[in-house]
Amino acid sequence: MSEPVHHPEEHPHEPSPGPESNLPDLHIDRYEAAWIRITVITVVVFALAVVTATASYGIQVPGVTGRIDPRTLMEPSSPFAAPQLREIAPGKYELYVRAQVWSFAPLDPFNPLHIPAGSQITFYVTAMDVLHGFKIAGTNVNVMALPGQISRVTTTFDQPGVYNVICHEYCGAGGPTIGHHTMYGVIIVDPPPAAEASAQS
Ligand code: CUA
């Protein structure tokens, strides 16, 4: 055990080490010490919030799944040419999304996609022309859609309702910049059949 360090603030009546002492004066102002503690606590709280978000709320770093030449997106062999919702396992789906001015094919807002509540969808998103954003309000889905890059993000739609898919990157370079705000899609999550029946009775 080392000698306890004398703290002049705590023991104001004790004589402080004289000039012959080799101890450095480590006095920290009371308010400074308080703010150091608050700062450390804040960082710890933020770190815990990130861990909690990752573990409990499905927050994920969007991954780059692959690269694709944007000029080949409409070729018949491309999964982005005529994308459709595909069920890959019970309740699990995958959907390729082609972002372009100004739509998210195949997410037509006037012909919304219907899925049952509890469905999990993995989205594969790319852009055909310029940089777009792909955000689904009320979910953890928020990725960029870049020409040449395929972004992958997975989410589970537990709550029935209408989910708007929004472009959150100002897009439209190369033409009149009039359509960014109209670029959206709709996904409708239907309640499970049992809940539907009890709601009607
Ligand atoms: Cu696409 Cu804004």
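The values are calculated or read from the model by the stated rules, or taken from the named source; none is laboratory data. Predicted, not measured: the structure shown is a model, and the values here were computed from it. Accessible surface areas use protein heavy atoms only, side chains included; no ligands, DNA or RNA. Shrake-Rupley method; radii C 1.70, N 1.55, O 1.52, S 1.80 Å.
List of remarks:
- Taking all protein chains together, THR39, THR122 sort by accessible area into THR39, THR122, largest first [probe 1.4 Å].
- Accessible surface of MET128, taken over heavy atoms with a 1.4 Å probe and every protein chain present, rounds to 60 Å².
- Computed from phi, the 3J(HN,Hα) profile of the stretch 153-163 under the Karplus parametrisation 6.51, -1.76, 1.60 (θ = phi - 60°) reads 8, 10, 8, 10, 9, 7, 8, x, x, 9, 10 Hz, with x in place of Gly and Pro.
- Estimated at 0.36 nm per residue, the fully extended path between ALA34 and LEU48 surpasses their Cα-Cα distance by 2.9 nm.
- Rg followed by Dmax, in Å, when the stretch 41-113 is reduced to its Cα trace: 17.9, 56
- Amide H contacts of ALA145 (H built 1.01 Å from N, under 5 Å, at least 5 apart or other chain): HIS132, GLY133, PHE134
- Candidate residues GLU32, GLU94, GLU169: accessible-area rank, largest first, probe 1.4 Å: GLU32, GLU169, GLU94
- More than 22 angstrom apart: percent of Cα pairs within the stretch 63-200: 36
- Carbon and sulfur %, accessible surface of the stretch 63-200 computed with the full protein complex present, 1.4 Å: 55
- The accessible area of ARG86, taken with all protein chains in place and a 1.4 Å probe, comes to roughly 130 Å².
- Note on exposure: LEU85, LEU131, LEU95 ranked by accessible area (1.4 Å probe, complete protein assembly) read LEU131, LEU85, LEU95, with the most exposed listed first.
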